[in-house]
Amino acid sequence: MKGIDVKRGVAATMERIVANSGSKFRSLQVKWFGTTAGINFNREGSQIDATVIFPALDELADVDRGTFNNLIGFAIHEGLGHGLYTNNEPWDQARAKHGQYVGQLINGLEDPRIEQRAIDSGFAPNSKYLFENLLNSVLERDGYVEPDDLKNIPFMLAVEGRRLNGYHVDVPSIIDQSPLAVHIHEALHSAKQSRNTEGVVLAAIKLYEQIKQYADEPQRSDGNTKGEGKGDPKKQPTDDSDASEGDSQGNPTGGSDKGDQDSGQGDQDGQGNQDGQAGESDKGEPKGESKGKSNGKLNGGRNVDPADFIESEVAGKLSDKKHPRPYTNKPVIGTFTWE
Amino acid sequence: MNLDKASCDRKFLHYYNDVPQGMGATRAHLLRILRSVDLVGWSSHEESGKLDRKALTRFATGSTTVFKRRDVKEADTSAVSLLIDCSASMEMGGCIHVAHGVAIQLARIFDKAGINFAVTGFKGSATIQYASERTTGNQYRADGETTKFIPFKTWGESMRSASSKLGSISHWAGSGTPDYSALMLSIEDLAKQRETRKVLFVLTDADGFVPEHIRHVQDVAKQQGITIVAVGIGSPDVKQVFDNASTANDVRDLGSASFNTLLKTLRR
């Protein structure tokens, strides 16, 4: 299929979700520009305005069915899942206080939770199949992680949490091989039972304390950060990419809505300008970051969010960069008022 | 926008009844593009069906394919979208009034021919969004467009019920030109119509159009089976950016040889 068909399909899915969800969404848009994927959302009372952002896919690019399904799955994950069921405030506060790794842990626990909520809502039929497909596509391309690789516990949580959701996962579970198996199981079950992001944050912080304690033990000082079990080591994200990941819930990678006249609103994280200052969140460690020995062992893990997988899926199919075309906002329809 | 209905009704009638000379040929060429008839024939050498008397000699030599069957090729049906540039630049030199007259004359032809068509104006504004490259953190700027569509006549709506709205076209000129988004969204809208043949007429001065963007729009339209015909209102620039284009400085130019030449080209 062509890119135009993909865009049509994604837009139709979002429209269906809005229609099925009653008045929960004031708007749920999709925009295609740049090279990054993510979501901007803003809550005013019980009303939500959400924009799922995809890279600037060329309308005439050939897209296979698998990629199309993954794009739809990502749109539902971000738009319906995070848009309706994630509260950014406690997440951002925890990340600011405890550091990027805690943000990753929260991400790993929150993603399965909001996907389960999305499935249970019934607003997007077939979402379970799409989420499952997206997860297995990521695993097929990049492989799984080692059970004792501390920096990749967030990724492990994202996979195992989805297994707990009842997805068929193409790789076997590795939790029980982890030295922190008990704590990981506890965190997963706690997150699954959480009714909101706040509960997930508490579970993540508790797990973080346990991981830190384990990592700081003297016999661990030579580190447990082995490489990945499968996949090309060259594909492992660098610290730079890891540092930018935390913005993915509010904004693709710390981009902002500064000057976005049609939305008329700023950053969606509820923190004013965090996303507008893309570089600042990457400068050094956030306040409150632990300075213990564990710190070095916990950086550089796999990206939990499927956003970078989605970006790579369409990387070779983007529109002309020499003559970048404007992205298209939802149109406004004029009305006639007769005197 | 507050509109005086009586004034708009008068304007509609003025343009509707002001039929330029030469419109007969224009009408004929347009309808040859947009309308065809069912083709009914007979296929022979069939083994069942109606007895074909011309095949009786074959029967004498033992042939069993002496029947014929009715063969019907259904006519192509057409959907036409007429898109009018209502941006601020169209106010200059009275272009919007020319566009107004041209639009109503074209709508008249489509209506009398029973073609499914819609007439829509567009204008709008630009938006800017900033984001960061995930791996480098480099900020980049993305330019967007918000299109305002004015539904002068919707799909399935009768000319009669749309007449007041059609009479208001020239009142709407103003604001920016989101040409790329307007065209892409119109292509999307037209692609949803059931008819087999789809044509998008654009009435515009092509002010500020980026040739590479319009090139892409035309490629997408072609992929979707849509033909774009641009009528440059008071401006030859439209021929620089659109493959199928003609100019009209006055409504009378609709009946001109150059416009009809363009229509003849489209038939091929």
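The values are calculated or read from the model by the stated rules, or taken from the named source; none is laboratory data. No experiment lies behind these values; they were computed from the predicted model shown. FYI the Cβ positions are ideal-geometry reconstructions off the backbone, even for glycines, and counts take in every protein chain you see. Surface accessibility is based on the protein's heavy atoms, side chains included, excluding ligands, DNA and RNA. Shrake-Rupley method; radii C 1.70, N 1.55, O 1.52, S 1.80 Å.
Observations, loosely collected:
- When B:His171 is tested against (1) more than 7 Å from every other protein chain (Cβ to nearest Cβ); (2) open to solvent by 30 Å² or more (accessible area, probe 1.4 Å); (3) under 19 Å from the mean Cα position of the chain (by Cα), only condition (3) is not met.
- Among the candidates B:Thr146, B:Thr120, B:Thr64, B:Thr127, the residue that is more than 14 Å from chain A (Cβ to nearest Cβ) and of a type in the set (Ser, Thr, Tyr) is uniquely B:Thr64.
- Condition met for A:Leu135 (among the aliphatic types (A, V, I, L, M) and within 13 Å of A:Gly108 (Cα to Cα)): yes
- Region A:113-198 holds helices (runs of 4 or more DSSP H) entirely within its bounds, and those carrying 3 or more residues that are free of Cβ contacts under 8 Å to residues at least 40 places away in the same chain and aliphatic (A, V, I, L, M) map to A:181-193.
- Region B:208-251, residues that are surrounded by fewer than 17 Cβ atoms within 10 Å (Cβ to Cβ), away from every other protein chain (no Cβ under 14 Å) and assigned to a loop (DSSP other than H, G, I, E, B): B:Pro236, B:Asp243, B:Asn249, B:Asp250
- Failed item, numbered, when B:Ser44 is tested on (1) surrounded by 11 or more Cβ atoms within 10 Å (Cβ to Cβ); (2) at pLDDT 85 or above; (3) small (Gly, Ala, Ser): (2)
- Of all the numbered requirements in (1) of a type in the set (Asp, Glu); (2) farther than 22 Å from A:Ile205 by Cα; (3) open to solvent by less than 20 Å² (accessible area, probe 1.4 Å), A:Asp111 misses one, and that requirement is (2).
- Residue in region A:31-73 that is nearest to the other protein chains (Cβ to nearest Cβ), counting only those that are within 18 Å of A:Ile114 (Cβ to Cβ) and assigned to a loop (DSSP other than H, G, I, E, B): A:Ala37
- The lone exception for A:Gly83 - which of (1) of a type outside the set (D, E, K, R); (2) farther than 27 Å from A:Leu139 by Cα; (3) surrounded by 24 or more Cβ atoms within 10 Å (Cβ to Cβ) it fails: (2)
So that you can scan it fast, the table gives a plain yes or no per residue for (1) at pLDDT 50 or above; (2) within 30 Å of A:Leu150 (Cβ to Cβ); (3) within 8 Å of chain B (Cβ to nearest Cβ):
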site: A:Asn273; (1), (2), (3): no, no, no
site: A:Gln277; (1), (2), (3): no, yes, no
site: A:Lys291; (1), (2), (3): no, yes, no
site: A:Arg302; (1), (2), (3): yes, yes, no
site: A:Asp308; (1), (2), (3): yes, yes, yes
site: A:Ser312; (1), (2), (3): yes, yes, no
site: A:Asp320; (1), (2), (3): yes, no, yes
site: A:Val332; (1), (2), (3): yes, no, yes
site: A:Glu339; (1), (2), (3): yes, no, yes
